[in-house]
Amino acid sequence: MMRNFHYIKSNQILRRIGVIMGAAILVAGCASTPPPTAQMAISKTAVSNASSAGGTEYAPLQIKSAKEKLDAAEQAMVAKNYVLAKQLAEEAQVDAELAVAMARSNQAKKAADAVQEDSRALHQEIDRNAQ
């Protein structure tokens, strides 16, 4: 009878030690996540570059999404939720890069259309002079 008592008591102690160690590992894991300051800076630069590249005109939805995600990342930084902050900052960077690509693509298309229109006008002028 006494033997079972010691067995039960030792199991309870082992369980408590396991719970305490698990909690310590969890706290240590959360505490070891550094603030993503570099990613935040990269994302801010990407959003700024996208705006400068004409993203607000040619890719307004992507710019808006990038700015919203960057704002949310800054709020997560204030709340010290660094994992979420990094994820949102990375998403903001991707959205900003997409906006730049779309802006450049649309600008190139406009330039190609202008060249094609100039070429058409030149051909008409040549045809008119040839007659």
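Scanning segment 46-65 for residues that are in contact with a Gly (Cβ under 8 Å, 6 or more places away or on another chain) and open to solvent by less than 30 Å² (accessible area, probe 1.4 Å) yields a single hit, ILE63.
When the test is whether a residue is part of a helix (DSSP H, G or I) and either crowded, with 20+ Cβ neighbours inside 10 Å or in contact with a Pro (Cβ under 6 Å, 6 or more places away or on another chain) (or both), LYS69 passes it. Per this entry, TYR82 is counted among residues that are aromatic (Phe, Trp, Tyr) and over 20 Å from ALA108 (Cβ atoms). From the list ALA89, ALA96, ALA112, the one residue that fits, being more than 21 Å from PRO35 (Cα to Cα), assigned to a helix (DSSP H, G or I), among the small types (Gly, Ala, Ser) and modelled with pLDDT of 95 or more, is ALA96.
Out of the residues in segment 83-104 meeting the condition of being touching a residue at least 40 places away in the same chain (Cβ under 8 Å) and open to solvent by 60 Å² or more (accessible area, probe 1.4 Å), tell me which one is nearest to the chain's Cα centre (by Cα). The qualifying residue nearest to the chain's Cα centre (by Cα) is GLU90.
The values are calculated or read from the model by the stated rules, or taken from the named source; none is laboratory data. None of the values given here were measured: they were computed from a predicted structure. All Cβ positions, even for glycine, are placed from backbone atoms using ideal geometry, and neighbour counts span all protein chains on display. Quick note on the areas: whole protein, heavy atoms, side chains included, nothing else; ligands and nucleic acids left out. Shrake-Rupley method; radii C 1.70, N 1.55, O 1.52, S 1.80 Å.
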